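The values are calculated or read from the model by the stated rules, or taken from the named source; none is laboratory data. Remember, it's a predicted structure, so these values are computed and weren't measured experimentally. Because the Cβ atoms are built from the backbone with ideal geometry, glycine has one as well, and the counts that use them run over all protein chains shown. Side chains included, ligands, DNA and RNA excluded: accessible areas come from the protein's heavy atoms. Shrake-Rupley method; radii C 1.70, N 1.55, O 1.52, S 1.80 Å.
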Amino acid sequence: MHVLVTAASKHGATGEIAEAIAGRLREHGLQVTVADPAEVTRLESYGAVVLGSAVYAGHWLDPAKELVERFDAELTARPVWLFSSGPVGDPPKPDQDAVQVDDLMAATGALGHELFAGKIDRSALGFAERAIVRALRVPVGDFRDWDAVDTWADHVAGEVAARTR
C-alpha cells in the first residue's frame, strides 16, 4: 500500500517527525511519499494517509486544516491517522487539552490521533515568537520522544498491513 505522510511545520520540527514516521513505515515495507500539505494535489494513488501539524495555541496550522477541507470526502474513504506536535518541557506542558482535534477526527474519519512533544529552537523564532516564549516562560529545547514516534509509527504500519491482507 502507498502511504502519504504529510505535516504542516512552521519551523521544521514537526516535519522532522513526519520524516521519522515515513522512515519507520518504509522499514515495514510500505511505499511512502512525504509531502508538505500545500503541495498535495491528489489522493487517489494513496491507500492510507498520515497527517500531522505543529500546534500553536491549541490549534493546527492552516496548511494541514486546508488539506482536510480540500480532501474531506477522499480522506474518509481511506485509513487516516493524525498526529500533533507541540507540548514542550519535562514533563511536557501543556499536558491536557494541548490540541483540539475532534473536528479534524470527524472530518477525516481518522482511526487515531497521537500528540507528540515538540521542540523550540529560540534561534529559529521571529521577534514576536521570542517575546511570547520569554513572557510565558516556555521551555526552550528539543523534547521530542523519538521512541514514542517509532512506537506509534509501528502501530500505524501494523494497522496498514492488517488492512491490506
What shape does the stretch 1-94 take by its C-alpha gyration tensor, where a ≥ b ≥ c are the square roots of the eigenvalues and a/c under 1.5 counts as rounded, a/b above b/c as prolate, and the rest as oblate?
oblate
For all pairs of alpha-carbon atoms in the chain, what percent lies in each bin of width 5 Å, listed from the first bin to the last filled one?
2, 9, 19, 22, 20, 13, 8, 4, 2, 0, 0
Quickly rank 48-60, 115-127 as a protection proxy: mean count of other C-beta atoms within 10 Å, highest first.
48-60, 115-127
Using only helices, what value at 222 nm comes out for the chain when you add -39,500 (n - 2.57) per DSSP H run of length 4 or more and divide by the total residues, to the nearest 500 deg cm²/dmol?
-12500 deg cm²/dmol
Work out how much length M1 to D103 would gain on full extension: take 0.36 nm times their residue separation and subtract the Cα-Cα distance, in nm to one decimal.
34.0 nm
Using Cα pairs closer than 8 Å and at least 6 residues apart in sequence, work out the relative contact order for the stretch 1-142, in percent.
23 percent
Rounded to a whole %, the carbon-and-sulfur portion of the accessible area of the stretch 1-119 at a 1.4 Å probe is 46 percent
Could you give the length gained on full extension between A57 and D72, defined as 0.36 nm per residue of separation minus the Cα-Cα distance, in nm?
3.0 nm
For E44 and A135, what does the FRET efficiency come to when R0 = 41 Å and r is the distance between their Cβ atoms, rounded to the nearest 0.05?
0.30
